[in-house]
Amino acid sequence: MNENFLTSQIEKSSGSTWDAVVSQIRRAGEILGISEDIIEVIIAPERSLKVSIPIKRDSGKIEIFQGWRILHDTTRGPGKGGIRYHSELTEETLMALSAEMSLKTALVGIPFGGAKGGVKVDPRKLSQSELERLTRRFALEISSLIGPAKDVPAPDINTDANVMAWFADTIWNISGNFQSATITGKPFAIGGVMGHQGATAQGVVTVCKRLLEKHNAGLAGTRVAIQGLGKVGGPLAFLLSSLGARIVGAQDISGTITNRAGINIAKLLSHIENRNPISTFGEAEPISPDDFWSLDCDVLIPAALGGVIDSQIASKIKARFVVEAANGPTLGSGDEEFNTRGVIVAPDILANAGGVVASSFEWAQDLQGYLWEEELTATRIRDTMEKAFDSTWAKAEVLGVSLRIGAVALAVEKIAEAHRLRGLIF
Ligand code: NAD
């Protein structure tokens, strides 16, 4: 990685999702009394590979896209983190997301470090065969970093099991080794596991339930507004409404809707699946995107992009609880506003960790060559998430801090311990 770039990013004080995660790690270090040297080692991404991805468009024209894979911290195990395709993707965003993965894997106690990668592209503008060529070329370009004991990618925004299959096939062809643990979130037929899809949503539900229980409440009748109805938000909205929650507002890239009596989520999801904009869903009122944030609700769930909640947006939010299904949805200024106003936030590294827990179980099953019963995978994911919630809650209480800082402190403690035990190579 370009050192000046890295230093300048680490020294910035506030504003981006990277700044937010850096300041959380520093704050946790201060509270825990961990030396600044170790904290700076934990913050600095280990490695960033920037690649050019030339592909032939269907028209015959060659176009070059930019991609990255960032290994943030691999002291506790191989890199783990998704592959994102997005038109606004930057190296700094990936740095933040990779750091969050290091914290997340440590918090839930799975044997991985943190990584993240992706391509700056709007996949909606590519045909299926262009998307496949892009994925295979990206896999080739970053293949030197990838492997079950090195770095294990997974799906993220705009990538899915099909993209993972092309990615895996390329790596397996280059290496000549069929190592199914190379990548997770694969289709079942090539080493995927039952229960991976929907695991993030299941984990968010577990955290919501636990959080409400701590406040003598339950999901039944709870009013929820949700931003994002994709791989996480779609099944999440469905699960929550099946458990009795009332989804009073929903937003995706195509629009925003509200219905105080509760939106019929099964119908809404099939409306979206048929490629209709959300605003044309007949059984809810379309509203402006800005009005999403001030909807009357008990729980607000960002399940789309990062960096969407600054202090101004946070000040509009009426919900008592914010459950971060997305990665890095809240900027530092938004978090301060939440703390001032007493809004309780279940932080991303806890709330959405169900997906990486499932990924870790897929990796374990692939390495063993032995498939667990689906029910066993589901039970182990639920147990892991409950344990992570309970230890975060206890840590936050002991330290007298927010759940976010409690979660980051637990994670930083484990990563710092790994650094202390391993030491520096030279
Ligand atoms: P996805 O691409 O499947 O869905 C994204 C959703 O966000 C879509 O509904 C889209 O319409 C909506 N969206 C995009 N831009 C928007 C905008 N400007 N305004 C409102 N809505 C917008 O992605 P996903 O896999 O569901 O991931 C969503 C979030 O959850 C991301 O932050 C991701 O990092 C995080 N996450 C995903 C997983 C996983 O297993 N997929 C695991 C952990 C965390």
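Assorted remarks:
- Residue under evaluation Ser87, criteria (1) buried (at least 24 other Cβ atoms within 10 Å of the Cβ); (2) within 13 Å of the ligand (Cβ to nearest atom), criterion not met: (1)
- Criterion violated by Leu371 - all others in (1) in a helix (DSSP H, G or I); (2) surrounded by fewer than 18 Cβ atoms within 10 Å (Cβ to Cβ); (3) touching a residue at least 40 places away in the same chain (Cβ under 8 Å) satisfied: (1)
- Any hit, the range 259-278, residues being of a type outside the set (S, T, N, Q), closer than 26 Å to Leu94 by Cβ and either modelled with pLDDT of 95 or more or within 22 Å of the chain's Cα centre (by Cα) (or both): no
- Among the candidates Ser359, Ser402, residue that is within 13 Å of the ligand (Cβ to nearest atom) and not charged (D, E, K, R): Ser359
- Scanning the range 272-305 for residues being outside any strand (DSSP E or B) and closer than 23 Å to Asp156 by Cα gives a total of 10.
- Evaluated against (1) open to solvent by 40 Å² or more (accessible area, probe 1.4 Å); (2) among the small types (Gly, Ala, Ser); (3) within 14 Å of the ligand (Cβ to nearest atom), Ser333 falls short on exactly one condition, (3).
- The residue of the range 47-70 that is farthest from Ala20 (Cα to Cα), among those that are in contact (Cβ under 8 Å) with a residue 60 or more places away in the chain and assigned to a loop (DSSP other than H, G, I, E, B), is Asp58.
- Which listed residue is of a type outside the set (Val, Ile, Thr) and without any contact (Cβ under 8 Å) to a residue 24 or more places away in the chain, from Lys120, Lys116, Lys125: Lys125
Matching residues to (1) open to solvent by 40 Å² or more (accessible area, probe 1.4 Å); (2) modelled with pLDDT of 95 or more; (3) assigned to a helix (DSSP H, G or I); (4) not acidic (Asp, Glu):
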| site | (1), (2), (3), (4) |
| --- | --- |
| Glu100 | no, yes, yes, no |
| Lys104 | no, yes, yes, yes |
| Ser129 | yes, yes, yes, yes |
| Leu134 | no, yes, yes, yes |
| Glu141 | yes, yes, yes, no |
| Ala149 | yes, yes, no, yes |
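- The range 313-328, subset at pLDDT 95 or above and within 16 Å of the ligand (Cβ to nearest atom), residue most open to solvent (accessible area, probe 1.4 Å): Lys316
- Looking only at the range 155-184, residues that are open to solvent by less than 10 Å² (accessible area, probe 1.4 Å) and under 21 Å from Tyr370 (Cα atoms) come to 6 in all.
- Taking the range 151-173 as the range and being assigned to a loop (DSSP other than H, G, I, E, B), within 20 Å of His72 (Cβ to Cβ) and among the charged types (D, E, K, R) as the test, only Asp156 passes.
- Residues in the range 220-242 that are in contact with a helix residue (DSSP H, G or I) (Cβ under 7 Å, 6 or more places away or on another chain), open to solvent by 20 Å² or more (accessible area, probe 1.4 Å) and away from the ligand (no atom under 14 Å from the Cβ): Ser241 only.
The values are calculated or read from the model by the stated rules, or taken from the named source; none is laboratory data. Since the model is a prediction, treat every value here as computed from it, not as a measurement. Glycine gets a Cβ as well: all are built from the backbone with ideal geometry, and neighbour counts include every protein chain shown. Side chains are part of the model used for accessible areas, which takes the heavy atoms of the whole protein and leaves out ligands, DNA and RNA. Shrake-Rupley method; radii C 1.70, N 1.55, O 1.52, S 1.80 Å.
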